[in-house]
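Peer 1: To start, I am sharing the structure in question, which I have written as C-alpha cells.
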Amino acid sequence: MFNIVLFGPPGAGKGTQALKLVEMYNLIHLSTGDILRAEMKRNSPLGQKVKSLIEKGELVPDEIVIELIRENLSNNKDAAGFIFDGFPRTIEQAKSLDEMLSRESLDIALMLTLEVEEEELISRILLRGQNSGRADDSNPDIIKNRIKVYNEQTAPVAEYYKKQGKHASIDNMGTIENTFDQLKAHVDNWQ
Ligand code: C5P
Ligand code: MG
C-alpha cells in the first residue's frame, strides 16, 4: 500500500488535488471533512454532535476523527493505498494514524503540503462558498478562525513527518495542472 497525507491550510486545494491523484494512482480518498459533512447532512447522532464545532471552524475531538479513520481503514483492506485529506489535524491524530497503520505493517510514504498565501486562501474559500453551501466557507470571521486553528494546532503536524524524512512542500499559488505535476513528480520519485 502507498499512503499519502495531503496537507495544507483550509482552501489550499487538497480536495481538488486528491481527486486527481485518486484517478492517476487508484488510491482511496479519505477526507474527514467530507465524511463529517455527510454525517451532518443525514443528521446522524455523530452529525448532530459535530455540527456546531464545524460551523465555528473548531476541531472535532481527536477520538471522534480517529475512530472514523479506523473504520474506513478496516473497510478498505484491499486498497492500493489511501490519500488522507484533512487528517491528521493534530499530533495526537498523527501518532494514532501511525499506530493503526503499523499494526497492519503499513506506513505513510509521504506528506505533501500545499502552500498558499493567506489572502489567497480566504478569497478561494469565499469563492467556493458561493457554490458549496458550507456555512464555514461563507463567513470571513469563521474562515479566519479556521486558518488560526490550522496555524496553532495543525501546522505542527508537518514537523512530525519532517522528522521522519517524509515531508515535501509544494507551491499552489499557480494552476491546478502545475501543482498536480509537482505532486506527481514526488509520488513517482518515491516509487
Ligand atoms: O478538512 P475540511 O476543511 O473539509 O474540514 C472542515 C471542518 O471539519 C474543519 O474546519 C473542522 O471543523 C472539521 N474537521 C476536524 N477534524 C478533522 C477534519 C475536519 O475537526 N480531522
Ligand atoms: Mg477539503
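Peer 1: Of the residues GLY47, GLY133, only one is touching an Asp or Glu at 6+ places or on another chain (Cβ under 6 Å) and free of Cβ contacts under 8 Å to residues at least 24 places away in the same chain; which?
Peer 2: On the way: GLY133 fails: touching an Asp or Glu at 6+ places or on another chain (Cβ under 6 Å).
Checking each option against the conditions leaves just GLY47.
Peer 1: Give LEU36, LEU97, LEU30, LEU21 a once-over and let me know the one that is away from ligand 2 (no atom under 15 Å from the Cβ) and either in contact with a strand residue (DSSP E or B) (Cβ under 9 Å, 6 or more places away or on another chain) or not acidic (Asp, Glu) (or both). Don't jump to the end; show me each part of the working.
Peer 2: Values: LEU36 fails: away from ligand 2 (no atom under 15 Å from the Cβ); LEU30 fails: away from ligand 2 (no atom under 15 Å from the Cβ); LEU21 fails: away from ligand 2 (no atom under 15 Å from the Cβ).
So the residue among LEU36, LEU97, LEU30, LEU21 that is away from ligand 2 (no atom under 15 Å from the Cβ) and either in contact with a strand residue (DSSP E or B) (Cβ under 9 Å, 6 or more places away or on another chain) or not acidic (Asp, Glu) (or both) is LEU97.
Peer 1: Can you name the number of the only condition in (1) small (Gly, Ala, Ser); (2) under 30 Å from TYR25 (Cα atoms); (3) at pLDDT below 95 that ALA135 fails?
Peer 2: Condition not satisfied by ALA135: (2).
Table: residues versus (1) within 16 Å of ligand 2 (Cβ to nearest atom); (2) within 18 Å of ASN3 (Cβ to Cβ); (3) basic (Lys, Arg); (4) surrounded by 20 or more Cβ atoms within 10 Å (Cβ to Cβ).
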{"position": "GLY47", "(1), (2), (3), (4)": "no, no, no, no"}
{"position": "VAL50", "(1), (2), (3), (4)": "yes, no, no, yes"}
{"position": "PHE82", "(1), (2), (3), (4)": "yes, yes, no, yes"}
{"position": "GLY86", "(1), (2), (3), (4)": "yes, yes, no, yes"}
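Peer 1: Also, quick follow-up: How many residues, within region 54-80, are more than 16 Å from ligand 2 (Cβ to nearest atom), of a type in the set (A, V, I, L, M) and surrounded by 14 or more Cβ atoms within 10 Å (Cβ to Cβ)?
Peer 2: Looking only at that region, the number is 4.
Peer 1: Quick one: what pairs do we get from region 12-41, first residue within 18 Å of ALA109 (Cα to Cα) and at pLDDT 95 or above, second near ligand 2 (Cβ under 10 Å from one of its atoms) and in a helix (DSSP H, G or I), C-beta under 6 Å, 6+ apart or different chains?
Peer 2: Pairs that qualify, where the first residue is within 18 Å of ALA109 (Cα to Cα) and at pLDDT 95 or above and the partner is near ligand 2 (Cβ under 10 Å from one of its atoms) and in a helix (DSSP H, G or I), are HIS29/ALA18.
Peer 1: Identify all residues within region 19-50 that are near ligand 1 (Cβ under 10 Å from one of its atoms) and in a helix (DSSP H, G or I); write none if there are none.
Peer 2: THR32, GLY33, ASP34, ILE35, LEU36, ARG37, MET40, VAL50
The values are calculated or read from the model by the stated rules, or taken from the named source; none is laboratory data. Model, not experiment: these values are computed from the prediction. Ideal geometry is used to build each Cβ from the backbone, glycine not excepted, and the neighbour counts take in all protein chains shown.
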